[in-house]
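The values are calculated or read from the model by the stated rules, or taken from the named source; none is laboratory data. Predicted, not measured: the structure shown is a model, and the values here were computed from it. Neighbour counts are summed over all protein chains in view; Cβ atoms, including those assigned to glycine, are modelled from backbone coordinates with ideal geometry.
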Amino acid sequence: MGRIIVEVMPKPEILDPQGKAVRGALPRQGIDVFTDVRQGKRFELTVEGPVTQEALADAAKAAESVLSNPIIEDVVAIYDAEAIR
Amino acid sequence: MKIGVVTFPGTLDDDDAARAIRLAGADPVSLWHASDDLRAVDAVVLPGGFSYGDYLRCGAIAALAPVMNSVVSAANAGLPVLGICNGFQVLCESHLLPGALIRNSQQRFVCRDQDLVVVNNSTAWTRDFGENETITIPLKNGEGNFQATADAVAELEGEGRVVFRYAGLNPNGSMNDIAGITNARGNVVGLMPHPEHAVEAGFGVRSADGPRAGTDGLRFFTSVLTSTLAA
Amino acid sequence: MEQSYDTIADAAATPDQQMPFAELGLKPEEYERICGLLSRRPTNAELAMYSVMWSEHCSYKSSKKHLKEQFGAKTTDAMREHLLVGMGQNAGVVDIGDGWAVTFKVESHNHPSFVEPYQGAATGVGGIVRDIIAMGARPVAVMDQLRFGAVDHPDTARVVHGVVGGVGGYGNCLGLPNIGGEAEFDPSYQGNPLVNALCIGVMRHEDIHLANAEGVGNLVVLFGARTGGDGIGGASILASETFEEGMPTKRPSVQVGDPFMEKVLIECCLELFHAGVVEAIQDLGAAGISCATSELAANGGTGMHVDLEKVLLRDPTLTAGEILMSESQERMMAIVTPAQLDAFMAITTKWDVETAVIGEVTGDARLVIDHHGQRIVDVDPATVAIDSPVYDRPHARPTWQDDLVENGTGDLESVKSVEELMELIRRIALDPNEAGKGWITDQYDRFVRGNTALSQPDDAGVIRVDESTGRGIALSSDANGWYTKLNPYEGARQALAESYRNVCTVGAKPLAVTDCLNFGNPEDPDAMWQLVEAMKGLADGCQEMGIPVTGGNVSLYNSSGTVKGQPDSSINPTPVVGVLGVMEDVRKAAPSGFQREDSAVVLLGKTYEELDGSAWARIVHDHLGGVPPRVDLDEEMALGRVLLALHGAETGELGRVIESAHDLSSGGLAQALVEMTGNAGIGGAFDLRPLCDRDGIDSFTALFSESQARVLLEVPEGLLEVVYAAAAAEGIEALRIGTTGGELLAISPAETAGWSGSDTILFDVQELSSQSDSVLHGIFD
């Protein structure tokens, strides 16, 4: 079984209220070195068998058409989960 | 006149939309998400709620439902469509309207009697309002912050396609205080506030006539009675 | 994955095996009793089942004796007149006329809300809503009663944000309007926030469903969310003995709710009921499948056989014991005849609700549970669900009670000028406990379903039930933990009186009661005494008023630590009492803010010098002591009759007698006037002289005393005589104290002849109201 990771982030120009709230909360925990926080989504897509080029292409299609809303989000990464180990 | 009301799993205000339609003098027709049959209705309402639990993005999964294929085709042919709150989100995800709705800037759900200015009273759903009339209808959402590209906003403003603007208070951070918009043809309108909750005296919003006497929402539904497919 | 079983055969063969009953919260006597009931040691699964079902939360073992002696014994047949279903089922059901029935109940989810505020509150709402569905009703409204620690304590904001977010997040997503409730802050609740959730459901008489499994051969059907490891909490007995690398070894003790699933479940269940394919139904809450099966079987007097491997799992690694005890949310259990199963499945399929037949009803009065043929449970279900231990816990008036009661407010400084009175009014009005609660309630949808006639900040939530006639119901809930600490018997009666009064104030006739008794450590005789006294007070009060408790909840162990016997060992005893009333036309429900200019304002009821336990004492002097205001239920009922007579009075063209109405409670007359002017923005001018003369009190007492049985009415000038006549007929005092109008709240004290400085208290209504609304925003934004 293979897994493909898709990462989606809000577009840079879009206001990210959740990221902003997290950025505000970190100093309250005593962590104040981070100047910005943006919050996105990470999807794990499981295939039977290994991760092939076709599977990655299908993942890209899913990413553009369903997993992200291109008006407000960018797909920033699509990769084989095993590839980063 | 028959007006369809779509129900997705998680839709909440479909019964209220149906009541509003009845009070306006039309017949509500229930449309199930899984069927592409629009049952020969003369207009469609996409009501408020949390379709599919707002999973993925608000309205994202509902936009992929079979009924939406038919709604998009019919809308492109001129059928009047009104998207309320979650319905507005579905219209944006379906690309019948530009832009997107994201989380309220103050990070909280807000329920309030909201003043709006009707800046465009020539759409299928706003004909019965006066030019720049101020109305009050309930607003209740957590993801009502309208965002679009600078170009899209310029186009909306330039073409007079902003239909409602928040007055008194911008409750969610929407760009240009935009509360509702329309397509080029004026048959598809989406707005975040809820006209169907201000249609019946005793259960509406606060007004000069009484604590729950405000029924400004009714004219959304009477407007469409005089709008035809060809408009 | 290998699973090792502890079957009933194993249990019979190894009677001397040590079982971890103590770790699971059972006492040695209780363990012995289980062995006696089974004539052998219990299996692991049976032990887990008994340990949860015999816990305080599930079995009410500390309160059961008193529930029976108080509510059981003191509910007369006359009181039961409108009751269609009483205590014992998921919720009580009341007849409201025209063939309509209303079911309602309040429950607590206190401890989980301290651990994980958002999910604790959310699943609390989910749980009470499922109880209402299980009666066969459509849920139509919710209310919540929240109590938090001190506003300035560093941990309070965490709890407040999470709880309010959870109540709103779950309730809004279900499409249920939140029509009222309470929110309070007090150090006594610091480590023990109270999160009570109330739900109201509506149905026709013939739609009532009960949780009694009957009919040998009928099928046991589990539907809704899949079963995962929620709520098991890592009890060692339930952990798998062998596990693979990477498998989850810790089970979460928190339950996570999915309101979308629950909304779908509501619609699905209503369609199932409508199709007539459900013989009996039970929702799954604490103790999951083990609870639902034992209750269904015990209530029906039948038996049940279950095959756990048929349960649809979210987590395939769950052991049999974990499946049995899981508290995964959004699940229901139905009893369905074999002939109706296809129709049942067609409906659940339409709604995408996963469904599994997991067993059948048997005739042998045993609950037998297998997993892949391994028999791990064989018990008499009544011993699990009904015949749990009943404790008679020691209880005695605390040694510190006398000191508390003797320390009244009599010695506290009195007031010498208009400026001082103004300052006190402002200070109380802007205290978080009295200030506007919009920060909370604006996070709740009050409009959905289009039937809300009144909601916060009005005195009761009012919901229309019948669109063709306008018939509907009103519900108000109240509790005063401060009064109750001073006198638990009277405090419980006061909670009942105030809710009853609020229902009458909006124009509804009280019919029935639900209660959530939030008390301390039952192993502390002090807290146990408070509980017993409060139950007596409430039961006696209900009998006097002729309205029954139809169901409710007891939450114990709301205490801060191991030290017993101290005044602050437990929370302030907080008996939340909800009263349900019926109205023929909800459009006539009276709001709580002045509606017109130049109306007369009438005070019904008499004012005594009763400052002990008051908002003034607490806010201005940090003082709690003395004797709480007296409660006269005959007078409350007479006042109620006056209010209902005036609400129903026919005046022809002269219009309604009551334009608006508001009862007097915390903060007394001053706070009531602040609220009546602030709620709709119309001011008024008031003179305290006639009131002070008639009742023999000074202005300070007139403004801040918290005497009970009092209501303010806004009445058209021309209809004043109608009010005086109705009040006189019931022996209730009625006094015109002022006139509405303008932008100011002006109050003329009685003593100004002897005071220097200005002679009128003046507030700008808009300004004060805006400051009041900003208080919680300033603290929690």
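Some values worked out for this structure:
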| quantity | calculated |
| --- | --- |
| Filter pass, C:Thr562 being β-branched (Val, Ile, Thr) and under 30 Å from C:Thr103 (Cα atoms) | no |
| Single unsatisfied condition, C:Tyr31 versus (1) free of Cβ contacts under 8 Å to residues at least 60 places away in the same chain; (2) assigned to a loop (DSSP other than H, G, I, E, B) | (2) |
| Those strands (runs of 3 or more DSSP E) lying entirely in the stretch B:1-120 with at least 3 residues in contact with a helix residue (DSSP H, G or I) (Cβ under 8 Å, 6 or more places away or on another chain) and in contact (Cβ under 8 Å) with a residue 24 or more places away in the chain | B:2-7, B:27-32, B:43-46, B:81-84, B:100-102 |
| Criterion: over 18 Å from the mean Cα position of the chain (by Cα) and either touching a residue at least 60 places away in the same chain (Cβ under 8 Å) or within 14 Å of chain B (Cβ to nearest Cβ) (or both) - qualifying residue of C:Ala150, C:Ala157, C:Ala122, C:Ala141 | C:Ala157 |
| Condition met for C:Lys105 (surrounded by fewer than 24 Cβ atoms within 10 Å (Cβ to Cβ) and of a type in the set (Lys, Arg)) | no |
| The stretch C:440-462, subset more than 9 Å from chain B (Cβ to nearest Cβ) and not polar (S, T, N, Q), residue surrounded by the most Cβ atoms within 10 Å (Cβ to Cβ) | C:Ala460 |
| Single match in C:Glu46, C:Glu23, C:Glu81, C:Glu29 (criterion: charged (D, E, K, R), surrounded by fewer than 20 Cβ atoms within 10 Å (Cβ to Cβ), within 34 Å of the chain's Cα centre (by Cα) and closer than 28 Å to C:Gly127 by Cβ) | C:Glu23 |
| Residue list for the stretch C:71-97, filter: of a type in the set (A, V, I, L, M) and either in contact with a Lys or Arg (Cβ under 9 Å, 6 or more places away or on another chain) or on the phi > 0 side of the Ramachandran plot (or both) | C:Ala91, C:Ile96 |
| From B:Ser35, B:Ser94, residue being away from chain C (no Cβ under 14 Å), hydroxyl-bearing (Ser, Thr, Tyr) and over 29 Å from B:Phe203 (Cα atoms) | B:Ser94 |
| Odd one out for A:Gln39, checked against (1) buried (at least 16 other Cβ atoms within 10 Å of the Cβ); (2) of a type outside the set (Lys, Arg); (3) under 30 Å from A:Ala55 (Cα atoms); (4) within 13 Å of another protein chain (Cβ to nearest Cβ) | (1) |
| Residue within the stretch C:480-501 that is outside any helix (DSSP H, G or I), away from every other protein chain (no Cβ under 14 Å), in contact (Cβ under 8 Å) with a residue 24 or more places away in the chain and touching a Ser or Thr at 6+ places or on another chain (Cβ under 8 Å) present | yes |
| Residue in the stretch A:4-18 that is surrounded by 11 or more Cβ atoms within 10 Å (Cβ to Cβ), in a helix (DSSP H, G or I) and free of Cβ contacts under 8 Å to residues at least 40 places away in the same chain present | yes |
| Strands (runs of 3 or more DSSP E) (entirely within the stretch C:258-355) containing at least 1 residues that are among the basic types (Lys, Arg), under 19 Å from C:His209 (Cα atoms) and out of contact with any Cys (no Cβ under 7 Å at 6 or more places or on another chain) | C:331-336 |
| Enumeration of residues in the stretch C:36-56 that are in a helix (DSSP H, G or I) and free of Cβ contacts under 8 Å to residues at least 12 places away in the same chain | C:Gly36 |
| Matching residues in the stretch C:190-224 - criterion: being out of contact with any helix residue (DSSP H, G or I) (no Cβ under 8 Å at 6 or more places or on another chain), buried (at least 24 other Cβ atoms within 10 Å of the Cβ) and farther than 27 Å from C:Asn451 by Cβ | none |
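Conditions (1) over 33 Å from the mean Cα position of the chain (by Cα); (2) in the same structural domain as C:Leu633 (by TED's automatic domain parsing); (3) farther than 21 Å from C:Ala645 by Cβ; (4) not in a helix (DSSP H, G or I), marked per residue:
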{"position": "C:Gln708", "(1), (2), (3), (4)": "no, yes, no, yes"}
{"position": "C:Gly718", "(1), (2), (3), (4)": "yes, yes, no, no"}
{"position": "C:Glu721", "(1), (2), (3), (4)": "yes, yes, no, no"}
{"position": "C:Tyr724", "(1), (2), (3), (4)": "yes, yes, no, no"}
{"position": "C:Gly738", "(1), (2), (3), (4)": "yes, yes, yes, yes"}
{"position": "C:Gly742", "(1), (2), (3), (4)": "yes, yes, yes, yes"}
{"position": "C:Ala746", "(1), (2), (3), (4)": "yes, yes, yes, yes"}
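Table: residues versus (1) of a type in the set (D, E, K, R); (2) in contact with a strand residue (DSSP E or B) (Cβ under 8 Å, 6 or more places away or on another chain); (3) assigned to a strand (DSSP E or B); (4) at the interface with another protein chain (Cβ under 9 Å from one of its Cβ atoms).
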| residue | (1), (2), (3), (4) |
| --- | --- |
| B:Tyr166 | no, yes, yes, no |
| B:Asn172 | no, yes, no, no |
| B:Ala179 | no, yes, yes, no |
| B:Gly186 | no, no, no, no |
| B:Gly190 | no, yes, yes, no |
| B:Pro193 | no, yes, no, no |
| B:Glu200 | yes, no, no, yes |
| B:Phe203 | no, yes, no, yes |
| B:Arg206 | yes, yes, yes, yes |
